[in-house]
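Notes follow the structure.
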Amino acid sequence: MNTDEHVYQDLFDRSLLHQTEHGDGCTVFPTPQAPLWAMMAAALSVTRVLEIGCGIGYQTACLASAAPDVLVETIENDPLHADLAQAEFEQLGLSNRITILRGDAESFLPDLDGPYGLVMEDAGIDYDRWLPDLTRLTGRGGLLITSQLAGRLPGWDPRLPTEALTIVRANFSYPHAESRT
């Protein structure tokens, strides 16, 4: 995996430009932490990643580059973003390792088969109803990385800021979640 901080810098820059051009209603939020998530996936030998919200593909491309055998399924509700991301993946030679599921996550999550070694929820909306599926899909020992989870799980410290990024190491005891795949 390329751990250079400038991994896919051009795609990151295009994501920022897209966000600026489309204003407040734009749902593209490129995160400079994407290479870190890829390093975490590589360290855990993750081979399957589920991402909710790919924007135009920066984070997705980083995740798919974590290791040669990583496969990413990403759900994108915005048709323009899905098209732009697909073009980026083809240009980067990653389209054979990334599948874009086009539509609303709520329609896909119940039917997906886990486990995934890494589940990234970065859609930034009120997704309480997704939590059962997100935990079901995260393999034992895998990671669920999500935003805005503070106060949404029983026993979660409500003093955390609502915008806090949360990383949960899965110790779920689902019978089907035995590996980090």
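If I stretch the segment between LEU131 and LEU92 completely, what's the gain in nm (0.36 nm per residue apart, minus their alpha carbon distance), one decimal?
10.8 nm
Tell me which residues come under 5 Å, amide H to amide H, from GLU51 once H is placed; ignore anything under 5 positions away on its chain.
The list, which skips near neighbours in sequence, is GLU73, THR74, ILE75, MET120.
Starting from the Cα-Cα distance between ASP69 and LEU36, subtract it from 0.36 nm times their residue separation and give me the gain in nm to one decimal.
Going from the current span to full extension adds 10.1 nm.
Can you work out the Karplus-derived ³J(HN,Hα) for every residue in the range 113-121? Use 6.51 cos²θ - 1.76 cosθ + 1.60 with θ = phi - 60°, whole Hz, and x for glycine or proline.
9, x, x, 10, x, 9, 10, 10, 10
Values in this text are rule-based calculations from the coordinates and carry no lab data. Keep in mind the model is a prediction, meaning the values are calculated, not measured.
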